[in-house]
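Here is the structure we will look at, set down as structure tokens.
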Amino acid sequence: MTAEYKVHDDVAVITLDNPPVNGLGLSTRVGITDGLSQASADEKVVAIVITGAGRAFSGGADIKEFGSPKAVQDPNLLSVILALEKSSKPIVAAMHSVAMGGGLELAMGCHYRVCAPGTSIALPEVKLGLLPGAGGTLRLPRLLGVETALNMIVSGEAVKSEMLAQIPGQKLFDKMAASADTVVDEAIEFARLAAKGGELPLVRDLPCRHPQGDAYFAFARNMVGGMSKNYPAPLKCVDAVEAATKMKFDDALLEERKTFMALMFTPESQALRHLFMAERAASRIPDVPEDTPKREIKSVGVIGAGTMGGGISMNFLNAGIPVKILEMKQEAIDRGVATIQKNYDAQVKKGKLKQDKLDERMALLSTTLDYADLKDCDLIIEAVFEELGVKEKVFKQLDEIAKPGAILASNTSTLDVDKIAAFTKRPQDVVGMHFFSPANVMKLLEVVRGKETAKDVLATVMALAKKIKKTAVVSGVCDGFIGNRMIEQYSRQAGFLLDEGATPQQVDKAIEKFGFAMGPFRMGDLAGNDIGWAIRKRRATERADMKYSKTADKLCELGRFGQKTGAGWYDYQPGKRDAIPSPVVAELIEKHRQDEGITPRKISDEEIVQRLVYALVNEGAHILEDGIASKSGDIDMVYLTGYGFPIWRGGPMQYANQVGLYNVSEAMKRFAKNPRDDASFWQPAELIQKLVAEGKQFS
Ligand code: 3HC
Ligand code: NAI
């Protein structure tokens, strides 16, 4: 059982004790009802306090239990809360730190609530594609008013207890405690007094209505519907709160429960729950224990003040860590620093940053032309030109001057981190830190683990990533790491689709409708088509067997590199970013088909989506087989945070699970028969074949 029962003179205290956040799993629910039975049976006990041990009152229902029989096994949360309501002895919730989801619902089922300041209060179920399923949509409006409650339920955002305590007429807290340390004692005292009082108050008996009734809910539905296009839960939250104002309590409670169970099985909720778990699991590296000692990072050196160096520096400045940028020439430094200043100024203009914060951040920035000035840095990140020879020079110099124990990182996007590490006499201190552009904005950080990278270096970089608010995913060394290795297969498919009869705009539209932020051709125009061209040229000898559509090379031969040259797969008007279908490109593709003797065919949007997404899935499976990623959730995190994969689909591997790996593998076998495609690529990865044979999924 994960709840403790103790009697303090005449008051029983039930303490939820299910680390890390007292999730209300089966054994905790049993612990509560057992405690309640003991307290009811003990004549000496006049009142009951419920609280949570450690860092939370309760983070809500145990998410890890969802989908398992335990989640619905009796006593379920609803019946626990009903039992609390029915108690003839007063029950006081002693809330502190975190009271969320089912945890808050549990507290609202108690007769009274004493709360510590600084407690994060939320009904965040909507962020998991759900609605509160244990009376939250009925009780919160009764305690805080319909509008405040609906805002909290629809956004899922946490609000601090002291803010809520200021709402006139709020009934959520009967008393604010002096601190989290005293909340239980104060609740015991409160409970003792309550035991001397009369009838026990029940939240269900409070009135619940909105003065504008239908008009208010029509307005709310309009607002919420507009903001939550691909997610069913937010509108269901509006329905449930409206029902709370119109239906009898128990009828509305039943309705809420039914909707909760229905939402639980939607692909959107499954995806969002997967994302919640995968995000947290990404920071765990199988052979690097969580207690691995970390190196202290108090100062950072950045080499190169170009596109990436500037953005990378901003991450550390934002976190209050001093940065020293090294460049080859003063002009390059001036340009880089001016860009950083310009980015911060823009944030101030938009009201996202205060001027004094900007000044603080810029004061942490210094520059140099001399490597010796980096000798005290704890971490040095290289972001110079993508040429092995240039990296060699830089790392040899770093090896000369960096202090022992300094971490030496490369932001390379394609080069071999093991070769880079070998330029030094301390390969154990070398790691890849692959930021994505714009580096101050994009959440993803691929941490590239070289064959000699020390465990404490990895642990340090993963912890540092959290500090600079990045989602870090560990990748082994291979061409393109996780993200770019997969995107190459996706891009190749996009090219073949053009050869066979699709247009860039059809491909982009189909995949954008699927939910990608940007299709492959608009993305190419944004990033610069010349980058892929250079990579293909480099690979022409290394991977001569790799088949590509020649359209992209022909486009680059015309100098159509994308937005930066005013023309790419699309045409662009000066100063604008709107992608206009290009007659030049249409002609180029047409001519290319004639040269290759291809008769174009009509291609469905469904085929486009399947070929692009399943290409990611197959390569993702190879990445798992090769041990480049340690779990499929890591691959999903890379795609959700770095490549604009639709969040509500949970990433390519989770999406494949939902489609069914059998269906995915059958489609791959079909694509393998297409003579214009790459038959060998479309052999389903062995891992997929094995999972299909065993009736399993990517886990
Ligand atoms: N159930 C199970 N485990 C949970 C959990 C929950 N509800 N909430 C958090 N955890 C786990 C995390 O998985 C993580 O585990 P790990 O250490 O093994 O990776 C650990 O707690 C710590 O989580 P965080 O890293 O997120 O820690 P923070 O201190 O940053 O945040 C938190 C704590 C605010 C509680 C945050 O974890 C959170 O927002 N949790 C989700 C809360 C939530 O959505 N609750 C609603 C659940 S659904 C529900 O209650 C249904 C009901 O209406 C019937
Ligand atoms: P960039 O060309 O904008 O900047 C490179 C900077 O490095 C220039 O300012 C140059 O003066 C400086 N530099 C070159 N050699 C140097 C040396 N020996 N010592 C000091 N400074 C030197 O290049 P960008 O785009 O910033 O790329 C840098 C690195 O980041 C490359 O390895 C690239 O592959 C990688 N990368 C780039 C991404 C992008 O979208 N641009 C994304 C992720 C990684």
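The values are calculated or read from the model by the stated rules, or taken from the named source; none is laboratory data. Quantities reported herein were computed from a predicted structural model and do not represent experimental measurements. Reconstructed Cβ throughout: ideal geometry from the backbone, glycine too, with neighbour counts over all protein chains shown. Surface areas here come from the heavy atoms of the whole protein model, side chains and all, with no ligands, DNA or RNA. Shrake-Rupley method; radii C 1.70, N 1.55, O 1.52, S 1.80 Å.
A few comments on the model shown:
- In the set (1) touching a helix residue (DSSP H, G or I) at 6+ places or on another chain (Cβ under 7 Å); (2) open to solvent by 70 Å² or more (accessible area, probe 1.4 Å); (3) free of Cβ contacts under 8 Å to residues at least 40 places away in the same chain; (4) not polar (S, T, N, Q), Leu555 fails one condition alone, (2).
- Helices (runs of 4 or more DSSP H) fully within the range 450-536 counting 2 or more residues that are over 23 Å from Gln683 (Cα atoms): 455-467, 504-514, 520-527
- Yes/no for Ala363 being over 19 Å from Gly301 (Cβ atoms), at pLDDT 95 or above and out of contact with any Lys or Arg (no Cβ under 9 Å at 6 or more places or on another chain): no
- All conditions in (1) out of contact with any helix residue (DSSP H, G or I) (no Cβ under 7 Å at 6 or more places or on another chain); (2) away from ligand 1 (no atom under 16 Å from the Cβ) hold for Ala459, with the sole exception of (2).
- Pick from the range 417-446, criterion within 14 Å of ligand 2 (Cβ to nearest atom) and more than 27 Å from the chain's Cα centre (by Cα), ranking: surrounded by the fewest Cβ atoms within 10 Å (Cβ to Cβ): Lys419
- Among the residues listed as Met637, Met546, the single one being part of a helix (DSSP H, G or I), hydrophobic (A, V, I, L, M, F, W, C) and either in contact with a strand residue (DSSP E or B) (Cβ under 6 Å, 6 or more places away or on another chain) or modelled with pLDDT under 95 (or both): Met637
- Residue in the range 320-336 that is farthest from ligand 2 (Cβ to nearest atom), counting only those that are crowded, with 17+ Cβ neighbours inside 10 Å and in contact (Cβ under 8 Å) with a residue 40 or more places away in the chain: Ile321
- Selection from the range 618-632 of residues that are open to solvent by less than 20 Å² (accessible area, probe 1.4 Å), out of contact with any strand residue (DSSP E or B) (no Cβ under 9 Å at 6 or more places or on another chain) and more than 23 Å from Ala527 (Cα to Cα): Asn618, Ala621, Ser632
- None of Thr339, Thr414, Thr367 is touching a residue at least 40 places away in the same chain (Cβ under 8 Å), more than 16 Å from ligand 1 (Cβ to nearest atom) and over 27 Å from the mean Cα position of the chain (by Cα) except Thr367.
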